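The values are calculated or read from the model by the stated rules, or taken from the named source; none is laboratory data. Quick caveat: nothing in here was measured; it's all calculated off a predicted structure. Cβ atoms come from the backbone with ideal geometry, glycine included; neighbour counts cover every protein chain shown. Just so you know, the surface numbers come from the protein's heavy atoms only, side chains and all, with ligands and any DNA or RNA stripped out. Shrake-Rupley method; radii C 1.70, N 1.55, O 1.52, S 1.80 Å.
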Amino acid sequence: VKPDAPSIRRFADIAAKVRAGSPLDLDDGVFLYRYPDLLAVGHLANEVREAKHGDHTYFNINFHINPTNVCVADCKFCSFARLEEGMPAAYTMSLDDVRQKLLDREGQPVTEIHIVSGLHGDLPFAYYLDTLRVLKEVRPDIHLKAYTAVEIQYFADKFELSYEQVLQQLKDAGLDSMPGGGAEIFAPRVRQKICRDKATADQWLDIHRTAHRLGLRTNCTMLFGTVETLEERVDHMLRLRDLQDETGGFQTFIPLAFHPEGNTLAKLPAPTGVDSLRTYAVARLMLNNIEHIKAYWIMIGLDTAQIAQNFGVDDLDGTVQEEKIYHMAGAETPQAMTRPQLIRLIREAGRVAVERDTLYNVRWIDDGEPLPGIRVDASVPYSSHAGRVSLSVTQ
Amino acid sequence: MTGETGETPRDPNAPIRVAAVSFLNAHPLTAYLPGPDAALGPRFEVHPALPSDCAQGLADGRYDLALVPVAAYLDHPQWQVVPEIGIACRGPVDTVLLISQVPVDDIERVHLDAASRTSVLLLRTLLAARGVHPEFVTAPHGTGRDRVTARDAALVIGDAAFGLRDEFPVVLDLGAEWLSQTGLPMVFAFWAARPGVLTEAHIAALQAARDRGMDKSEVLARAYREQRIADGHPVLAESDYANYLRQRIRYRLDGFDREGLVEFLSRVRPDDADDPAHVNFLSREHEGVAHARHRRTQPMDATELLARAAAGGRLDLAEGIFLYETADMFALGQAADARRAALHPEGVVSYIIDRNVNYTNVCTARCKFCNFYTPPTGRNKYVLSREQLAEKFAETEALGGVQILLQGGLNPELHIGWYEDFFRWAKREFPRLQMHALSPTEIIHIAHLEGLSIRDVLVRLRAAGLDSLPGGGAEMLHDEIRNRISPFKNTTDEWLEVMRQAHQIGMLSTCTMVFGFQETAEHTLVHLDRLRRVQDEALALPDGGGKFTAFIVWPFQADGTRLKLRDDTSPWRYLRLQALARLYLDNIDNIQVSWPTLGPEIGEVALRFGANDFGSVMIEENVVSQAGAHFMLDAERIEHHVRQAGFAPRRRRQDYTLIAP
């Protein structure tokens, strides 16, 4: 269980590389995954995180729209999709439904809508363009982060357009940036097993390359905890790092822990705290050219998300409302958090909450004021090196 | 009512202005108080008053401290109450009597003679329980006995009641009646003070005066009798008065008296009150705190302290507080991990298969943080039957379980015989199940209920089949916090004493902490320090002594409880606290993670913050789940999480020995 002397030396070498700003290689990444002293790896990732972002932990105020869950792909890890209209729990929103989702939030300080759908067999391309247009009509200043590379690939195939044509038309209709979903694990062995209908690794990367060239910023993800090896995880990170070296268009890397309920991979064990924390830490150390590492609290839970802020994570996603994809896979987290709840979570971990927009422009920095609706809160300013142990009372 | 808020300026050097009744039963509390002319220490100036005037004078600022009837406290929750002193009884009190010519059920009117609100409320609630609802009318003091005619009865309290017992055909002693209805003592009066007036020195002086007064029962009885003769009043024998002081009245309030107190306050207060009854007891400073505060003024080096603690060196109180407040999370975690590795070098994380059984939900303590209990008058109360217990135990064995964690409320209907029968039955029917049962709070309750010593209760239950004691009911072992959240439950000293006694007779026990009650670092470290001292004592016992096997800490689960405070109960704080506990509790072998409250993912991480045990599969857990924790795991999942953290999982027994795989 304890690291032996050669391992400790190897770890020190890696730490020296990290501190010198040199990129780590595949072996380094796998070594960090296997290194017994979890806290040492976390500590090193925290150094990088604090060097980049200090005590700031970013969040934004967003909500999700999943316009349809009808999907021709048959991904083994998915509990959300239904193959055809008319199947139990299958749904497709009309454009009026989509518009209403935003109208329902009139007056709320939402800055971003995250839109991800199934690969619907019958909807015309206009539906996807109009989805963006109706939302922009209601609120022209809202940021639309929409359609994963898998959807872009599907549109290109189905409507016989190039990636560039698809992305340019969506951009003209209001697309502001792309989420990072659908990457799963790039290794063909894994894709063949868990998502063989989906865009290949090369297609996924090419679509993001194209988006970056068109001036769209994007995120990137990794689905971990299915059947992949540690080598395949690190390889995945390295392929993202290579594209980032080329384009610089990725903003944030988001590791996604696999949830095993309601899908055909339900035999696999549920995500674990240590694996999640280690993945964040290794990602922070491997992806030296990607600015942000995000913990998607919807998926790993609030508790692990809080601790993750010391294992390389500097972003906790948004307040998120009406998340469906993970909840249909058994995630037991609340479907939404209020802004004060999210700020409290960040404060308790000794960090300073920063509200951002999608492109990481700072909108607000926590001033330590008492939080409405939270009777007692961590309103005392403190650094990450201090453990706050007593709290003031706000009536 | 300007004095109501306690803001009347007061010269801190002036004597404390005290109001106390002149009844004989108050003499032991007042006779030996240092007077206004005392040369050293606190000084008191005692003014005699009727019970109701004691409360009124305290409320309107004429007095600083008064011996008040407990019901007066309902209107003055800002008063501070002196701990461990009162006027109480357990059974007949002799001087709070309902006298009548006709049976109680036939009484139509009650004349109240000098009666305090407490005694009237007590009478009303006792009669209501018997379905009797007479009219109450006030009578001038001393005239009550003369008004007892036909269906008119009288409530007589104080010295006027002496001797009446033999003069009327029907006499209801309210102390005896309360005991028979509730099984609990009755507290009539306690010392209450305006906020901020009393210091620890005053509390110590009041307690010392009480101790002296209790020693001098005969002297006080003789003086009282002589005064009555001089005033031309009829008297009883001197021994009657002395017995009254020595045997009838209880002046030293313990946990059982506090149970009686809260039962009374809960029954007589208005029905629309939202919060549970509360009494604001003052608390004493813990040993070593003054020194620790002084030490904290000098600089300390966290790195040096952590290195020392990781190597097994001892941290003192000041150092513990310093680390809790300032140490870096990773540094604390790594030191705790190193210490854990030194104590448990095999890389094994143990867990147990057991079942948490809550045998009754009836509880007199009414802790504000508890969602589980039902008061003795509650509708949803239960005591598990043998059949229900047998089913749970059999299921536990079928799942490979080796232990029952049995805990319940403080149920005044369950006597020691019930527990003895239960343990004997359990051992006979389920000889392979270890009985990890009854927290100190329950042991104290049983001791009081039976009038037995803690030691005798433990010896008898152990003989019947009790194997080890769980560390429940500790919450925060600091009376300042306990007085805030569970003023009627056992004190820190009482809790620790049970563990001390258990260890002395060779029993193993565990110890716990619940955080998130707005305690400070000092409160937290005092808790750890007191556990460490008790463990030092245990380890110094001759062979065959018991000890704490493990420490478990978890965050307070506030959902739906009536405790209004909210504090940081985050996993972040939990990990810090657990790591610090691993370092500070250098004499306790095992630290158990508490995944039921935080989830198995944090449980895994906690194994890297000092813990070496994954607790239990938790087949059933009522108390915490009613306040918002809902994690359930089977053995396979536990082993998965343990492996994820890099350890080999092994099943263990109650004494932490490993079971061969």
Taking the criterion of being touching a strand residue (DSSP E or B) at 6+ places or on another chain (Cβ under 9 Å), within 14 Å of another protein chain (Cβ to nearest Cβ) and open to solvent by less than 50 Å² (accessible area, probe 1.4 Å), would at least one residue in the stretch A:40-47 satisfy it? yes
Does residue A:240 satisfy the condition of being touching a strand residue (DSSP E or B) at 6+ places or on another chain (Cβ under 8 Å), buried (at least 23 other Cβ atoms within 10 Å of the Cβ), at pLDDT below 95 and outside any loop (DSSP other than H, G, I, E, B)? no
Taking the condition out of contact with any Leu (no Cβ under 8 Å at 6 or more places or on another chain) and surrounded by 24 or more Cβ atoms within 10 Å (Cβ to Cβ), does residue B:77 pass? no
Quick test for you: out of A:73, A:89, A:81, pick the one residue that is away from chain B (no Cβ under 14 Å) and open to solvent by 60 Å² or more (accessible area, probe 1.4 Å). A:89
Only one of (1) within 23 Å of residue B:337 (Cβ to Cβ); (2) within 14 Å of another protein chain (Cβ to nearest Cβ); (3) modelled with pLDDT under 95 does not apply to residue A:5, and that is (2)
Using the structure shown, decide if residue B:221 is over 23 Å from the mean Cα position of the chain (by Cα), outside any loop (DSSP other than H, G, I, E, B) and crowded, with 22+ Cβ neighbours inside 10 Å. yes
Any chance you could count how many residues in the stretch B:493-513 are crowded, with 24+ Cβ neighbours inside 10 Å and of a type in the set (A, V, I, L, M, F, W, C)? 5
Checked B:144, B:131 against criteria (at pLDDT below 90 and either surrounded by 18 or more Cβ atoms within 10 Å (Cβ to Cβ) or farther than 22 Å from residue B:21 by Cβ (or both)); the one match is B:144
Sort out which residues of the stretch B:95-137 are among the small types (Gly, Ala, Ser) and within 25 Å of residue B:244 (Cβ to Cβ), and write them in order of number. B:100, B:114, B:115, B:116, B:119
Take residue B:550 and decide whether it is in contact with a helix residue (DSSP H, G or I) (Cβ under 6 Å, 6 or more places away or on another chain), closer than 24 Å to residue B:330 by Cα and not in a loop (DSSP other than H, G, I, E, B). no
Does any residue in the stretch A:71-93 that is outside any loop (DSSP other than H, G, I, E, B) come within less than 7 Å, Cβ to Cβ, of a residue that is open to solvent by 50 Å² or more (accessible area, probe 1.4 Å) and of a type in the set (Asp, Glu) six or more places away or on a different chain, and which pairs are these? A:92/A:85
Checked the stretch A:282-320 for anything out of contact with any strand residue (DSSP E or B) (no Cβ under 8 Å at 6 or more places or on another chain), touching a residue at least 40 places away in the same chain (Cβ under 8 Å) and within 13 Å of chain B (Cβ to nearest Cβ); matches are A:302, A:306, A:307, A:310, A:311
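How many residues are assigned to a loop (DSSP other than H, G, I, E, B) and surrounded by 22 or more Cβ atoms within 10 Å (Cβ to Cβ) if we restrict to the stretch B:174-196?
Of the stretch B:174-196, the ones assigned to a loop (DSSP other than H, G, I, E, B) are B:183-185, B:194-196.
This time we only want the ones that are surrounded by 22 or more Cβ atoms within 10 Å (Cβ to Cβ), so: B:184-185, B:194.
The qualifying residues number 3.
Yes or no, residue by residue, for (1) in a helix (DSSP H, G or I); (2) at pLDDT 95 or above; (3) among the hydroxyl-bearing types (Ser, Thr, Tyr):
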residue: B:569; (1), (2), (3): no, no, yes
residue: B:573; (1), (2), (3): yes, no, no
residue: B:582; (1), (2), (3): yes, yes, no
residue: B:588; (1), (2), (3): no, yes, no
residue: B:597; (1), (2), (3): yes, no, yes
residue: B:601; (1), (2), (3): yes, no, no
residue: B:610; (1), (2), (3): no, yes, no
residue: B:615; (1), (2), (3): no, no, no
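So if I check each of A:142, A:152, A:185, A:113, which one is within 25 Å of residue A:296 (Cα to Cα), without any contact (Cβ under 8 Å) to a residue 60 or more places away in the chain and surrounded by fewer than 22 Cβ atoms within 10 Å (Cβ to Cβ)? Can you show your working first?
Values: A:152 fails: surrounded by fewer than 22 Cβ atoms within 10 Å (Cβ to Cβ); A:185 fails: surrounded by fewer than 22 Cβ atoms within 10 Å (Cβ to Cβ); A:113 fails: surrounded by fewer than 22 Cβ atoms within 10 Å (Cβ to Cβ).
That would be A:142, the only listed residue that is within 25 Å of residue A:296 (Cα to Cα), without any contact (Cβ under 8 Å) to a residue 60 or more places away in the chain and surrounded by fewer than 22 Cβ atoms within 10 Å (Cβ to Cβ).
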Pairs please, first residue from the stretch B:36-61 and of a type in the set (Ser, Thr, Tyr), second anywhere and assigned to a loop (DSSP other than H, G, I, E, B), Cβ atoms under 8 Å, 6+ apart in sequence or on different chains. B:52/B:116
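Does any residue of the stretch A:368-389 turn out to be of a type in the set (Gly, Ala, Ser), in contact with a Pro (Cβ under 6 Å, 6 or more places away or on another chain), open to solvent by 50 Å² or more (accessible area, probe 1.4 Å) and at pLDDT 55 or above? Spell out the reasoning first.
First, the residues of the stretch A:368-389 that are of a type in the set (Gly, Ala, Ser): A:368, A:373, A:378-379, A:383-384, A:386-387.
Now restrict to residues that are in contact with a Pro (Cβ under 6 Å, 6 or more places away or on another chain): A:368, A:373, A:379.
Cutting the leftovers down to open to solvent by 50 Å² or more (accessible area, probe 1.4 Å) gives us A:373.
Still in the running and at pLDDT 55 or above: A:373.
Checked against the condition, which is being of a type in the set (Gly, Ala, Ser), in contact with a Pro (Cβ under 6 Å, 6 or more places away or on another chain), open to solvent by 50 Å² or more (accessible area, probe 1.4 Å) and at pLDDT 55 or above, the stretch A:368-389 yields at least one hit.
Can you list the helices (runs of 4 or more DSSP H) found entirely within the stretch B:472-539 that contain at least 3 residues being under 21 Å from residue B:592 (Cβ atoms)? Outline the logic, then answer.
Numbers: elements: B:479-485, B:492-504, B:521-539.
In the stretch B:472-539, the matching helices (runs of 4 or more DSSP H) lie at B:492-504, B:521-539.
Mind listing just one residue for me: the one in the stretch A:252-281 that is at pLDDT 85 or above, open to solvent by 10 Å² or more (accessible area, probe 1.4 Å) and touching a strand residue (DSSP E or B) at 6+ places or on another chain (Cβ under 6 Å) and, of those, nearest to the other protein chains (Cβ to nearest Cβ)? Quick ask: steps written out before the conclusion?
We begin by selecting, within the stretch A:252-281, every residue at pLDDT 85 or above; these are A:252-257, A:273-281.
Next, only the ones that are open to solvent by 10 Å² or more (accessible area, probe 1.4 Å) stay: A:254, A:256, A:275, A:278.
In the following step, the residues that additionally are touching a strand residue (DSSP E or B) at 6+ places or on another chain (Cβ under 6 Å) were identified as A:254, A:256.
On the way: A:254: 18, A:256: 15 Å.
Taking the candidates together, the pick is A:256.
Suppose the filter is surrounded by fewer than 17 Cβ atoms within 10 Å (Cβ to Cβ) and more than 20 Å from residue B:209 (Cβ to Cβ); does residue B:36 pass it? Walk me through it before giving the result.
Details: surrounded by fewer than 17 Cβ atoms within 10 Å (Cβ to Cβ): yes; more than 20 Å from residue B:209 (Cβ to Cβ): no.
It is false that residue B:36 is surrounded by fewer than 17 Cβ atoms within 10 Å (Cβ to Cβ) and more than 20 Å from residue B:209 (Cβ to Cβ).
Within the stretch B:454-492, take every residue that is among the basic types (Lys, Arg) and open to solvent by 20 Å² or more (accessible area, probe 1.4 Å) and give me the one that is nearest to residue B:567 (Cα to Cα).
Step one: list which residues in the stretch B:454-492 are among the basic types (Lys, Arg), which gives B:455, B:460, B:462, B:482, B:484, B:489.
Now restrict to residues that are open to solvent by 20 Å² or more (accessible area, probe 1.4 Å): B:455, B:460, B:462, B:484, B:489.
Details: B:455: 37, B:460: 41, B:462: 39, B:484: 14, B:489: 21 Å.
Filtering first and then ranking leaves B:484.
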Are any of the residues in the stretch A:135-148 out of contact with any Cys (no Cβ under 6 Å at 6 or more places or on another chain), part of a loop (DSSP other than H, G, I, E, B) and more than 28 Å from residue A:209 (Cα to Cα)? yes
Residue count, the stretch B:515-537 (criterion: more than 13 Å from chain A (Cβ to nearest Cβ) and either free of Cβ contacts under 8 Å to residues at least 12 places away in the same chain or open to solvent by 10 Å² or more (accessible area, probe 1.4 Å) (or both)): 6
Could you look through the stretch A:9-37, keep only residues that are in contact with a Phe, Trp or Tyr (Cβ under 9 Å, 6 or more places away or on another chain), open to solvent by less than 60 Å² (accessible area, probe 1.4 Å) and assigned to a helix (DSSP H, G or I), and pick out the one that is farthest from the other protein chains (Cβ to nearest Cβ)? A:14
Quick one: what pairs do we get from the stretch B:319-348, first residue facing another protein chain (nearest Cβ under 8 Å) and closer than 12 Å to residue B:575 by Cα, second of a type in the set (Asp, Glu) and open to solvent by 10 Å² or more (accessible area, probe 1.4 Å), C-beta under 8 Å, 6+ apart or different chains? B:334/A:37; B:337/A:37
Given the conditions (1) more than 28 Å from residue A:355 (Cβ to Cβ); (2) open to solvent by 10 Å² or more (accessible area, probe 1.4 Å); (3) part of a helix (DSSP H, G or I), every one holds for residue A:128 apart from (2)
